[in-house]
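Participant: Let me give you the structure first, and then I'll get to my questions.
The values are calculated or read from the model by the stated rules, or taken from the named source; none is laboratory data. Since the model is a prediction, treat every value here as computed from it, not as a measurement. In this analysis, Cβ positions are derived from the backbone assuming ideal geometry, glycine residues included, and neighbour counts consider all displayed protein chains. Heads up: the accessible areas ignore ligands, DNA and RNA and are worked out on the full protein's heavy atoms, side chains in. Shrake-Rupley method; radii C 1.70, N 1.55, O 1.52, S 1.80 Å.
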Number of protein chains: 2
Amino acid sequence: MRVLGVDPGLTRCGVGVVEGVAGRPLTMLGVGVVRTPADAELGQRLVAVEQGIESWLEKYRPEFVAVERVFSQHNVRTVMGTAQASAVAMLCAARRGIPVALHTPSEVKAAVTGSGRADKAQVGAMVTRLLRLDAPPKPADAADALALAICHIWRAPAQNRLQQAVALHAAKAPMTSKGRTA
Amino acid sequence: MRVLGVDPGLTRCGVGVVEGVAGRPLTMLGVGVVRTPADAELGQRLVAVEQGIESWLEKYRPEFVAVERVFSQHNVRTVMGTAQASAVAMLCAARRGIPVALHTPSEVKAAVTGSGRADKAQVGAMVTRLLRLDAPPKPADAADALALAICHIWRAPAQNRLQQAVALHAAKAPMTSKGRTA
């Protein structure tokens, strides 16, 4: 199973591709960050996020995309940008018929460290160990993206197969929308 | 000036196209709602919003897109869906080099009714009058989309021209993103 993990953000959007199955050693295929300049127009930043995510989907052809679930209770100043970047990532995946899974930060931490309250350093250390890397991926957004992918591979493999079938079906039969013309 | 107003939402995304200039009678070219089923996967709903917005951009070729600015302080349960739908609308416009403007609900209400605290009925009544319609557009999301477009036409025409030049330039020179491969 090949999974693209996305830690959404407008300034830094972490992306990481992991391949493997639950119970077997995992392999990192790629890791990086899609960046957009803070002084650009919001619409242009979203276009840049789309281009970045598209290039990762195109290059790695993941079977699943795992995106961090955004909560509106958190940091009010950054939550809107995070929600917007995550929408673009989900859109890119769904357009290609790739199933999207959302995992909460505590689910991801619990999956890779055993504790839902682990800190960034602990997550980075476990990602390094699980993927047999020389050093923790930087910045933290990149490590978090890999942790998301690992979390997805380890959670509910049967559910993943079902979700994949549903997403493919939905991509083949798009929904319609109606409007009224003056 | 031709403006597509978008009142973002996942369940109902209001869209309305208005043509005109400040100080002259305005014309409604089209109004409608892009709907997505609440029980569909989030990614698929975003794809449906994209398809809906794209068809409106394609049909009416607006010079500006005016989107309601979403605040994270508001209704926590719906704000994420609103932020995600607005991200898709902004993305669609920016991809085509169409400048996107964000207006707050109170700016829109003040523009069309004279009061930033006007209620839905008042906004609907003024939209009906300003566009010389037979009845208020329904649902309220559709009327709000028209109000957004009107608000945009009436606010800072000089600023609009500048923004249009910047958006076109940005669309021609897209930003780049970098990644590292294992």
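Participant: How high is the relative contact order of the range B:59-140, in percent, with contacts defined as C-alpha pairs under 8 Å that are six or more residues apart?
Facilitator: Working: 74 pairs, mean separation 20.5, N = 82.
It rounds to 25 percent for the range B:59-140.
Participant: Rounded to the nearest angstrom and ordered from largest down, what semi-axes does the equivalent ellipsoid of the range A:85-137 get from its C-alpha gyration tensor (root of 5λ)?
Facilitator: Semi-axis lengths for the range A:85-137 are 26, 14, 9 Å.
Participant: Every other copy gets compared here: list the nm distances from the residue B:61 label point (7 Å along Cα to Cβ) to its counterparts, shortest first, one decimal.
Facilitator: With the label placed 7 Å along Cα→Cβ, residue B:61 yields 3.9 nm.
Participant: Counting only protein heavy atoms and using a 1.4 Å probe, what share of the accessible area of chain B belongs to carbon plus sulfur, as a whole percent?
Facilitator: Ligands and nucleic acids excluded, carbon and sulfur reach 53 percent.
Participant: Can I ask one more? Mind checking the mean number of beta-carbon atoms from other chains within 10 Å of the Cβ atoms in B:28-41?
Facilitator: Whole-number average of other-chain Cβ neighbours for B:28-41 is 3.
Participant: If you don't mind, there's one more thing I want to ask. Using a label point 7 angstrom from Cα along Cα-to-C-beta, what distances in nm, from shortest up, separate residue A:135 from the other copies?
Facilitator: Copy-to-copy label distances at residue A:135, shortest first: 6.8 nm.
Participant: A further question on this structure: Remind me, relative contact order of the range B:83-126 in percent, using alpha carbon pairs under 8 angstrom and six or more residues apart? Don't jump to the answer; show the numbers that get you there.
Facilitator: Details: 23 pairs, mean separation 9.1, N = 44.
21 percent.
Participant: Same structure again: From the square roots a ≥ b ≥ c of the eigenvalues of the alpha-carbon gyration tensor of the range B:41-132, which class results: rounded (a/c under 1.5), prolate (a/b over b/c), or oblate?
Facilitator: Cα axes put the range B:41-132 in the oblate bin.
Participant: Can you list the HN-Hα couplings for the range B:79-87, worked out from phi with the Karplus curve (6.51, -1.76, 1.60; θ = phi - 60°), rounded to whole Hz and with x for Gly and Pro?
Facilitator: 5, 5, x, 5, 5, 5, 5, 5, 4
Participant: Where q = 0.16, 0.19, 0.21 Å⁻¹, what log10 of I(q)/I(0) comes from the Debye formula for the range B:1-85, counting one point per Cα?
Facilitator: Log-scaled intensity ratios, in q order: -0.65, -0.84, -0.97.
Participant: Moving to a separate point now. Calculate for chain B the 222 nm mean residue ellipticity that helices alone would give, adding -39,500 (n - 2.57) per DSSP H run of length 4 or more and normalising by residue count, nearest 500 deg cm²/dmol.
Facilitator: Rounded to the nearest 500, the figure is -16000 deg cm²/dmol.
Participant: Hey, what do the phi angles of the range B:97-106 turn into as Karplus ³J(HN,Hα) couplings, whole Hz, using 6.51/-1.76/1.60 and θ = phi - 60°, x for Gly and Pro?
Facilitator: x, 8, x, 10, 10, 10, 10, 6, x, 6
Participant: Once phi is turned into θ = phi - 60°, what whole-Hz ³J(HN,Hα) does the Karplus curve with 6.51, -1.76 and 1.60 give for every residue of the range A:24-36, x standing for Gly and Pro?
Facilitator: My calculation for the range A:24-36 gives 10, x, 9, 10, 7, 9, x, 8, x, 9, 8, 10, 9 Hz in order.
Participant: Across bins of 10 angstrom width beginning at 0, how are the C-alpha pair distances of the protein assembly as shown distributed, in whole percent?
Facilitator: 6, 25, 31, 21, 12, 5, 1
Participant: What number, in percent, do you get for the relative contact order of the range B:1-117 if the mean sequence gap of Cα pairs under 8 Å and at least 6 apart is divided by its residue count?
Facilitator: The normalised contact order for the range B:1-117 reaches 27 percent.
Participant: Averaged across B:130-136, how many Cβ atoms of other chains sit within 10 Å of each residue's Cβ atom?
Facilitator: Values: counts 0, 1, 0, 1, 0, 0, 0.
Mean partner shielding for this stretch: 0.
Participant: Going by alpha carbons, how many degrees (0 to 90, nearest 10) lie between the helix axis of B:42-60 and the longest principal axis of chain B?
Facilitator: With rounding to tens, the tilt is 60 degrees.
Participant: Compute the angle between helix A:120-130 and the longest alpha-carbon principal axis of chain A, please, reported from 0 to 90 degrees and rounded to the nearest 10.
Facilitator: Roughly 70 degrees, rounded to the nearest 10.
Participant: Rg/Rh for chain A: what does it come to with C-alpha atoms and Rh from Kirkwood?
Facilitator: 0.99
Participant: Same structure again: Using the 7 Å Cα-to-Cβ label point, sort the distances from residue B:78 to its equivalents in the other copies shortest first and give them in nm to one decimal.
Facilitator: Values, ascending and in nm: 2.9.
Participant: From the square roots a ≥ b ≥ c of the eigenvalues of the alpha-carbon gyration tensor of the range A:115-158, which class results: rounded (a/c under 1.5), prolate (a/b over b/c), or oblate?
Facilitator: Since a/c reaches 1.5 and a/b is larger than b/c, the shape of the range A:115-158 is classed as prolate.
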